[in-house]
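K.L.:
Below is the structure I would like to discuss, written out as structure tokens.
The values are calculated or read from the model by the stated rules, or taken from the named source; none is laboratory data. This one's a predicted model, so the numbers in the text were calculated from it and none came from an experiment. Neighbour counts run over all protein chains shown; Cβ positions are idealised from the backbone, glycine included. Accessible surface areas use protein heavy atoms only, side chains included; no ligands, DNA or RNA. Shrake-Rupley method; radii C 1.70, N 1.55, O 1.52, S 1.80 Å.
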Amino acid sequence: MTEVDPPIEIYWVSGSPFGWRVLLMAEFKSVPYLSHRIDTASGTQKSAAYLALNPRGKVPALVHGNVIIGESLAMMTYLERLFPEPPMFGATAVEAAHIMQICSEFVCYLEPVINRLSTAISRNKSLSAAALTARHGTLHTEFERLNELLQKSQWLTGNSLSAADLTVYPHCKFLLRLAARPAAVPLNLGLSDFADLYPDLTTWMQRFEALPGYDKAYPPHWRETG
């Protein structure tokens with residue numbers, strides 16, 4: 001990787017899908033960056049030093065000289081403009097629109113469901129029957145849609161890896177790990193036979209995991225805990 005002056009700095013949390021998508025973008029584009037792993041358990045993200053970077057106290061964050069960015073998709077867009085090859089947000093207007101549509105649909109419909117289930121599982125909280133029905137319906141409806149997309153092409157928006165894949169994959173992997181926890185059993189998420197239900201989505205995830213740079217961006221604490 002060629003050095004960048006001033007250096008690009010990425011602040012991230014191990015296992016967070018949001019930071020992971022940014023790290024994947026950097027790795028797949030061979031972007032040189034300084035890595036800053038944040039320990040949220042110690043409250044680092046609420047320290048005065050970090051709040052000076054991101055007043056919301058959220059992670060990830062990207063710093064490049066006087067440029068400070070605090071949202072993962074915005075960071076990905078910034079890296080795309082600085083390092084346009086290989087293109088991750090499309091080479092044409094149609095491609096760009098298609099990629100952003102998939103990203104936007106995911107952020108609006110599936111991501112919130114995964115985030116809420118994550119909170120319930122991580123904190124061992126119960127959910128009402130109505131909430132479970134609504135969220136499970138959305139969860140599987142969106143997985144079915146993604147699976148159908150991948151019946152037509154290798155990647156979510158065609159035959160080339162794009163920001164849509166980088167946006168969606170980390171949350172899918174994150175949820176499958178959560179679903180394997182004992183605390184997830186009472187929620188009956190219906191994900192134990194994920195590979196049978198969504199074979200094309202499963203193949204896509206395996207294809208993603210074989211990409212150069214994937215291992216380097218993989219959440220380090222997951223390696224430790226299995």
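K.L.:
Can you give me the pair-distance distribution of the stretch 27-82, C-alpha pairs, 10 Å bins, whole percents?
P.N.:
22, 54, 23, 2
K.L.:
With a/c under 1.5 counting as rounded, go ahead and sort the stretch 1-126 into rounded, prolate or oblate using the C-alpha gyration tensor (a ≥ b ≥ c being the square roots of the eigenvalues; past the cut-off, prolate if a/b is larger than b/c, else oblate).
P.N.:
Here the stretch 1-126 falls in the oblate category.
K.L.:
Another question about this same structure. Mean separation of Cα pairs under 8 Å and 6+ residues apart, divided by the residue count of the stretch 102-226: what relative contact order is that in percent?
P.N.:
28
K.L.:
Please compute the length gained on full extension between ARG223 and SER104, using 0.36 nm multiplied by the number of residues separating them and subtracting their Cα-Cα distance.
P.N.:
Gain on extension, ARG223 to SER104, equals 39.8 nm.
K.L.:
Sticking with this one: Just to be sure I follow: if Rg is taken over the C-alpha atoms of the stretch 142-200 and Rh is the Kirkwood radius over the same atoms, what is Rg/Rh?
P.N.:
1.02
K.L.:
Return the aspartates and glutamates within reach of LYS46: Cα separation strictly under 20 angstrom, same-chain partners fewer than 8 residues apart disregarded; answer none if there are no such residues.
P.N.:
In chain and number order, the partners are GLU9, GLU71.
K.L.:
Using modelled backbone amide H atoms (1.01 Å from N, in-plane), which distant-in-sequence or interchain residues come within less than 5 Å of ILE8's amide H?
P.N.:
The answer is LEU34.
K.L.:
Now a separate question. Could you order peptides 88-99, 109-120, 157-168 by the average number of other Cβ atoms within 10 Å of their residues, highest first?
P.N.:
Per-residue Cβ counts within 10 Å, averaged per peptide and sorted highest first, yield 157-168, 109-120, 88-99.
K.L.:
Take every DSSP beta bridge whose two residues both sit in the chain, then give the antiparallel share in percent to the nearest 5.
P.N.:
Among the beta bridges of the chain, antiparallel pairing accounts for roughly 65 percent.
K.L.:
Under a Cβ-only charge scheme (Lys and Arg +1, Asp and Glu -1), can you give me the dipole magnitude of the stretch 14-70 about the Cα centre, in debye to the nearest 20?
P.N.:
140
K.L.:
What percentage of the solvent-accessible surface of the stretch 47-154, computed with a 1.4 Å probe over protein heavy atoms, is contributed by carbon and sulfur atoms?
P.N.:
Carbon and sulfur atoms account for 55 percent of the accessible area of the stretch 47-154.
K.L.:
Quickly rank 184-191, 32-39 as a protection proxy: mean count of other C-beta atoms within 10 Å, highest first.
P.N.:
Top to bottom by mean Cβ count within 10 Å: 184-191, 32-39.
K.L.:
So which lysines pass the test for LYS152, namely a Cα distance under 21 Å, with those fewer than 8 places away in the same chain ruled out?
P.N.:
Output for LYS152: empty list, no partners.
K.L.:
Same structure, new question: Could you grab the relative contact order for the stretch 35-132? Cα pairs under 8 Å, six or more apart, rounded to a whole percent.
P.N.:
10
K.L.:
Is any residue of the stretch 101-125 close enough, with backbone N under 12 Å, to a label point placed 7 angstrom from the Cα of ALA183 along the Cα-Cβ axis, and if so, which?
P.N.:
Only 117-125 pass the distance filter.
K.L.:
State, as an integer percentage, the relative contact order of the chain based on alpha-carbon contacts under 8 Å between residues 6 or more apart.
P.N.:
Dividing the mean separation by the residue count of the chain yields 23 percent.
K.L.:
Now a separate question. Where is the GNM fluctuation largest for the chain (alpha-carbon springs, 10 angstrom cutoff): GLY19, GLY213, GLY137?
P.N.:
In this elastic network of the chain, the residue with the biggest mean-square fluctuation among GLY19, GLY213, GLY137 is GLY137.
K.L.:
Further question: Can you compute the equivalent ellipsoid semi-axes for the stretch 79-204, i.e. the square root of 5 times each eigenvalue of the Cα gyration tensor, sorted largest first and rounded to whole Å?
P.N.:
29, 15, 13
K.L.:
Still on this structure: If R₀ is 25 angstrom, what is the calculated FRET efficiency for the pair GLU9 and SER47, using the beta carbon separation as r and rounding to 0.05?
P.N.:
For GLU9 and SER47, the calculated efficiency is 0.95.
K.L.:
In addition: Just to confirm, what accessible area per residue do you get for the chain at 1.4 Å probe, in whole Å²?
P.N.:
50
K.L.:
How many angstrom lie between the Cα centre of the stretch 100-115 and the Cα centre of the stretch 44-66?
P.N.:
24
K.L.:
For LYS173, go through the lysines and keep the ones whose alpha-carbon is under 18 Å away, minus same-chain ones fewer than eight residues off.
P.N.:
Those lysines meeting the cut-off are LYS216.
K.L.:
Next question, about the same structure. Rounded, prolate or oblate: pick one for the chain, where a ≥ b ≥ c are the square roots of the eigenvalues of its C-alpha gyration tensor, a/c under 1.5 means rounded, and failing that, prolate if a/b is larger than b/c, else oblate.
P.N.:
oblate
K.L.:
Please name which of PRO84, ALA74, ALA120 has its Cα lying farthest along the dipole of the stretch 73-125 towards the positive end, using unit charges on Cβ (Lys, Arg +1; Asp, Glu -1) and the Cα centre as origin.
P.N.:
ALA120
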